[in-house]
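Trainee: Structure in structure tokens, see below.
The values are calculated or read from the model by the stated rules, or taken from the named source; none is laboratory data. Since we're looking at a predicted model, the values are computed, not measured. Methodologically, a virtual Cβ is constructed for each residue, glycine included, from the backbone with ideal geometry; neighbour enumeration extends over all protein chains shown.
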Amino acid sequence: MIRFHGVTKRYGEKTAVDGLDMTVENGSVCVLIGPSGCGKSTTLRMINRLLEPDEGTIEVDDKALRDYDPASLRLRIGYVIQSVGLLPHMRVWQNIALVPRLLGWEKPRRRERADELLDIVGLDPEEYRDKYPAQLSGGEAQRVGVARALAADPPYLLMDEPFGAVDPLTRATLQQSFRDIQSRLKKTVVLVTHDLDEAIYLADRIALMRDGVLQQFGSPAEILTSPVNEFVREFVGSDRMLRMLNTVELGAVDGWSGADGSRPTLRDALSQLLSAPERSIRVGLNDGSQEELDFDRIREMVLP
Amino acid sequence: MIKVQRWLAANSQPIALLPVAVSLVPAAGIFFMGIIHLRPNRIADGEAFRFADLALPVAPVLALAITAAVLVVAARWARQAEIPALALWAVTVTIVPWILFHMAAVELFDAGRLDDLARVSPGGGVWVALVAALAAWHELLRSVRRSLRGLVVALLLAALAFVAVQIASPPLERISYIVEYNVRSDRFLDELLQHIRLSGSAVAFATLIGVPAGMIAYRHRRLRAAILDVTSTIQTIPSLAMFGLLIAPLAALSRAVPTLRAMGVSGVGTTPALIALTLYALLPVVRNTLTGLAVVPPSVRESGQAMGMTRRQRFWMVEVPLALPVLLRGIRTAAVQAVGNTTVAGLIGAGGLGWFIFQGLGQAATDLVVLGVIPIVGLAIVVDRVFQGLQRLSARGEVEGGTRA
């Protein structure tokens with residue numbers, strides 16, 4: 001659990017984060033979002049003490065951050081950044097096994113762990129373990145970055161625009177992989193993005209910030225259906241109900257085919273339904289059951 | 001045959017015309033310039049003999065001209081054949097001048113001009129042809145793929161062995177440099193080792209002092225300018241002046257402290273030489289340590305920090321390995337410079353190959369000067385190559401990927 005109590009961070013005259021109160025539950029994904037300069041990255045970087053707050057306290061596991069030794073705190077918090085920051089002089093497996101190495105694991109165990117993680121993030125260990133970062137594509141490097149963050153099985157994961165630097169198709173695949181991994185590993189994740197669709201797709205909770213002030217903190221559905229003020233309403237946009245469709249994932253949709261390994265959402269189902277000759281189509285749900293889907297049912301599924 | 005040509009074409013890249021021209025044009029010097037230089041004794045002025053002055057067979061020059069023509073034709077009209085043509089040219093231009101040199105020496109010997117005091121050395125044409133040969137081998141090594149390089153090097157060694165045999169066969173034992181060497185063969189080895197010892201220790205000391213100094217300069221912005229100023233000012237002092245400046249204080253020190261005198265510290269000899277050489281070697285080491293550390297990308301630095309590295313771990317696991325190629329480049333510069341600078345140490349009684357040079361200058365014996373210069377140049381090249389190899393090794397990740405600038 002990560003708790004913010006009245007956290008304020010200033011850069012000279014400018015207040016980057018202003019009196020933030022927020023709790024990130026264990027095993028949930030909290031997405032920080034907002035326009036540039038809203039303080040979302042600053043908030044993230046205070047969690048692993050790359051930055052220190054000027055006022056207020058942050059608690060991790062009911063213990064104030066200032067009572068942790070920064071280096072050993074960071075060993076328990078995986079960190080993924082947009083520029084990936086892989087160490088260019090180390091091979092892929094050495095990069096992944098970096099935190100285990102800092103924790104003093106034996107080499108054979110580190111190698112084994114690196115292979116496991118390459119599997120988890122969907123890269124073939126045979127092909128990738130001995131490459132150097134410069135030999136990877138953007139998407140591959142980002143996967144290795146995630147693998148590195150997960151290597152020592154840290155309970156916490158911080159991600160700063162982790163999928164921002166790759167092309168849209170790769171981004172969609174990475175987002176899906178991340179969701180799959182998260183559904184298995186149940187880490188406590190804080191993720192920064194400026195992409196609302198990404199936030200809706202990945203988040204259990206969205207924290208929408210503006211000028212250092214938290215505007216609304218709630219589930220994607222809450223943010224989309226009941227914005228608390230004009231700023232939130234504008235930020236989620238007039239097509240917010242369409243975005244809601246993306247929060248509902250399905251097992252299969254008749255006539256739909258997407259990229260390898262990707263799954264359809266209610267939005268894809270609606271698109272199929274609009275072009276279907278009948279008033280309803282068959283979809284498979286996540287639990288494997290089948291259902292006839294029509295417009296009324298879609299409305300029910302979006303507005304719980 | 002066609003198979004061989006296809007295979008060669010697949011394993012090579014087109015040769016560049018400029019280096020080939022650089023190789024072709026000076027080769028003509030062998031016909032127009034001196035082939036052999038004859039002096040009646042060690043210090044007398046000599047006489048150069050050109051091809052036309054001696055009754056030499058035409059065959060070697062003809063062979064040279066024909067292979068040159070083959071190369072031009074191949075490079076212009078038959079690109080599949082250009083690599084073999086270039087190889088043929090490289091071999092020919094390497095060995096023919098020395099064959100002519102040897103023939104010329106035999107000619108002079110038969111004419112009775114090569115008595116016991118007389119000495120011969122290669123004429124200007126032979127030296128110019130050597131430049132042509134270098135250009136040819138360089139271009140050949142560059143244009144064949146890695147798998148074929150071994151073959152080219154073998155060919156080069158064979159050509160060099162052939163040249164060595166030419167030089168060693170009578171009457172060429174009278175080549176001036178060899179005569180000079182024979183007179184001082186013991187001393188030569190001693191001074192060569194002393195040269196290596198002096199420059200090697202200077203670089204070692206400069207590394208021991210310069211790397212920490214570079215790290216301090218990196219960590220403390222305020223000291224940076226001071227450290228760089230001092231080391232670069234040292235570089236501007238002429239080496240002769242530096243040795244001169246050190247004599248007085250060291251002599252005084254040696255007089256004042258008997259222990260130091262017992263250790264061999266004095267105004268002349270090894271101590272001032274070592275101090276001066278170390279001071280000169282400092283700048284490249286300090287500067288490259290600083291640069292190497294400064295160019296580590298901030299994102300990589302921060303990611304090390306965020307992974308949970310302590311400051312010390314970050315330094316040894318991230319900053320040092322990433323700075324190492326740049327640091328090695330600095331040590332390489334320092335080492336090559338030190339090999340050259342050590343020459344001057346010969347002037348203040350520290351020995352080294354400079355001794356031959358200054359002796360030769362004093363006696364107006366050019367051959368003795370050359371005897372000192374050649375191993376210095378060789379040493380510098382060897383040192384340069386060794387560090388280049390180390391540099392490549394240390395930059396594995398960056399080099400293999402090729403995408404990182």
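Trainee: Does A:Gly139 satisfy the criteria of being modelled with pLDDT under 90, more than 13 Å from chain B (Cβ to nearest Cβ) and either out of contact with any strand residue (DSSP E or B) (no Cβ under 6 Å at 6 or more places or on another chain) or surrounded by fewer than 21 Cβ atoms within 10 Å (Cβ to Cβ) (or both)?
Mentor: Judged against the criteria, A:Gly139 is a match.
Trainee: Can you report the number of residues in the stretch B:383-395 which are within 14 Å of chain A (Cβ to nearest Cβ) and either at pLDDT 90 or above or surrounded by 15 or more Cβ atoms within 10 Å (Cβ to Cβ) (or both)?
Mentor: Residues that pass the stated criteria total 3.
Trainee: Identify, please: which residue in the stretch B:306-319 is assigned to a helix (DSSP H, G or I) and facing chain A (nearest Cβ under 7 Å) and is, among those, farthest from the chain's Cα centre (by Cα)?
Mentor: Among residues in the stretch B:306-319 that are assigned to a helix (DSSP H, G or I) and facing chain A (nearest Cβ under 7 Å), the one farthest from the chain's Cα centre (by Cα) is B:Ala306.
Trainee: Next question. Would you call A:Arg113 under 30 Å from A:Met209 (Cα atoms) and either in a loop (DSSP other than H, G, I, E, B) or more than 14 Å from chain B (Cβ to nearest Cβ) (or both)?
Mentor: The answer is no for A:Arg113.
Trainee: Does B:Thr342 qualify as being closer than 17 Å to B:Gln235 by Cβ and of a type in the set (Val, Ile, Thr)?
Mentor: yes
Trainee: Here is a further query. For the stretch B:364-382, name all the residues that are among the small types (Gly, Ala, Ser) and either buried (at least 16 other Cβ atoms within 10 Å of the Cβ) or in contact with a helix residue (DSSP H, G or I) (Cβ under 7 Å, 6 or more places away or on another chain) (or both).
Mentor: Selection gives B:Ala365, B:Gly372, B:Ala380.
For (1) hydroxyl-bearing (Ser, Thr, Tyr); (2) in contact with a helix residue (DSSP H, G or I) (Cβ under 9 Å, 6 or more places away or on another chain); (3) at pLDDT 90 or above, each residue gets a yes or a no:
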site	(1), (2), (3)
B:Leu172	no, yes, no
B:Asp186	no, no, no
B:Leu189	no, no, no
B:His195	no, yes, yes
B:Tyr218	yes, yes, no
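Trainee: Hey, could you check the stretch A:54-85 for residues that are closer than 18 Å to B:Arg311 by Cβ and hydroxyl-bearing (Ser, Thr, Tyr) and say which is nearest to the other protein chains (Cβ to nearest Cβ)?
Mentor: If we take residues in the stretch A:54-85 being closer than 18 Å to B:Arg311 by Cβ and hydroxyl-bearing (Ser, Thr, Tyr), then A:Tyr79 is nearest to the other protein chains (Cβ to nearest Cβ).
Trainee: From the list B:Leu322, B:Leu277, B:Leu260, pick out the single residue that is under 27 Å from B:Leu371 (Cβ atoms) and either part of a helix (DSSP H, G or I) or within 23 Å of the chain's Cα centre (by Cα) (or both).
Mentor: B:Leu277
Trainee: For the stretch A:165-196, enumerate the residues that are under 24 Å from A:Asn286 (Cβ atoms) and acidic (Asp, Glu).
Mentor: Matches in the stretch A:165-196: A:Asp180, A:Asp195.
Trainee: Considering only the stretch A:132-152, state which residues are farther than 15 Å from A:Asp119 by Cα and among the charged types (D, E, K, R).
Mentor: Answer for the stretch A:132-152, where residues must be farther than 15 Å from A:Asp119 by Cα and among the charged types (D, E, K, R): there is none.
Trainee: Could I ask something else about it? Could you tell me whether A:Gly122 is under 21 Å from A:Gly164 (Cα atoms) and either in contact with an Asp or Glu (Cβ under 8 Å, 6 or more places away or on another chain) or in a helix (DSSP H, G or I) (or both)?
Mentor: Spelling it out, it is not the case that A:Gly122 is under 21 Å from A:Gly164 (Cα atoms) and either in contact with an Asp or Glu (Cβ under 8 Å, 6 or more places away or on another chain) or in a helix (DSSP H, G or I) (or both).
Trainee: Restricting to the stretch B:254-311, name every residue that is at pLDDT below 85, among the small types (Gly, Ala, Ser) and closer than 27 Å to B:Ala334 by Cα.
Mentor: Passing the criteria: B:Gly264, B:Ser266, B:Gly267, B:Gly269.
Trainee: Exactly one of these conditions fails for A:Thr247: (1) under 30 Å from A:Asn48 (Cα atoms); (2) outside any loop (DSSP other than H, G, I, E, B). Give me its number.
Mentor: In the conditions (1) under 30 Å from A:Asn48 (Cα atoms); (2) outside any loop (DSSP other than H, G, I, E, B), A:Thr247 misses (2) alone.
Trainee: So, of the residues in the stretch B:9-21 that are in contact with a Leu (Cβ under 9 Å, 6 or more places away or on another chain) and buried (at least 18 other Cβ atoms within 10 Å of the Cβ), which turns out to be modelled with the lowest pLDDT?
Mentor: So the residue we want is B:Ser12.
Trainee: Would you check if A:Asp130 is surrounded by fewer than 17 Cβ atoms within 10 Å (Cβ to Cβ), at pLDDT below 90 and more than 10 Å from chain B (Cβ to nearest Cβ)?
Mentor: No, not satisfied.
Trainee: May I ask you to verify whether B:Val295 is crowded, with 21+ Cβ neighbours inside 10 Å, within 14 Å of chain A (Cβ to nearest Cβ), among the β-branched types (Val, Ile, Thr) and within 30 Å of A:Arg45 (Cβ to Cβ)?
Mentor: No: the conditions fail for B:Val295.
Trainee: Do we find a residue being surrounded by fewer than 21 Cβ atoms within 10 Å (Cβ to Cβ) and at pLDDT below 90 anywhere in the stretch A:142-151?
Mentor: Checked the stretch A:142-151: no residue is surrounded by fewer than 21 Cβ atoms within 10 Å (Cβ to Cβ) and at pLDDT below 90.
Trainee: Ok, one more. Condition (residue is outside any helix (DSSP H, G or I), of a type outside the set (Lys, Arg) and under 30 Å from B:Gly346 (Cβ atoms)) applied to the stretch B:212-226: is it met by at least one residue?
Mentor: The answer is no; no qualifying residue exists.
Trainee: Hey, does the stretch B:237-244 have a residue that's within 21 Å of B:Ile216 (Cβ to Cβ), aromatic (Phe, Trp, Tyr) and either within 14 Å of chain A (Cβ to nearest Cβ) or buried (at least 16 other Cβ atoms within 10 Å of the Cβ) (or both)?
Mentor: Within the stretch B:237-244 (the criterion being within 21 Å of B:Ile216 (Cβ to Cβ), aromatic (Phe, Trp, Tyr) and either within 14 Å of chain A (Cβ to nearest Cβ) or buried (at least 16 other Cβ atoms within 10 Å of the Cβ) (or both)), the answer is no, since none of the residues qualifies.
Trainee: Hey, any hits in the stretch A:17-32 for a residue that's touching an Asp or Glu at 6+ places or on another chain (Cβ under 6 Å) and either assigned by TED's automatic domain parsing to the domain that holds A:Leu174 or in contact (Cβ under 8 Å) with a residue 60 or more places away in the chain (or both)?
Mentor: yes
Trainee: Right, here's the next one. Going through the stretch A:84-110 one residue at a time, which ones are surrounded by 18 or more Cβ atoms within 10 Å (Cβ to Cβ) and part of a loop (DSSP other than H, G, I, E, B)?
Mentor: If the condition is that a residue be surrounded by 18 or more Cβ atoms within 10 Å (Cβ to Cβ) and part of a loop (DSSP other than H, G, I, E, B), then A:Val84, A:Gly85, A:Leu86, A:Leu87, A:Pro88, A:His89, A:Met90, A:Arg91, A:Ala97 are the ones that fit.
Trainee: Which condition number in (1) among the small types (Gly, Ala, Ser); (2) surrounded by fewer than 22 Cβ atoms within 10 Å (Cβ to Cβ); (3) in contact with a Leu (Cβ under 8 Å, 6 or more places away or on another chain) is the one that B:Ser169 fails?
Mentor: (3)
Trainee: Only one of (1) surrounded by fewer than 19 Cβ atoms within 10 Å (Cβ to Cβ); (2) over 14 Å from the mean Cα position of the chain (by Cα); (3) modelled with pLDDT of 90 or more is not met by B:Leu361, so which one is it?
Mentor: If we test B:Leu361 against (1) surrounded by fewer than 19 Cβ atoms within 10 Å (Cβ to Cβ); (2) over 14 Å from the mean Cα position of the chain (by Cα); (3) modelled with pLDDT of 90 or more, just (3) comes out false.
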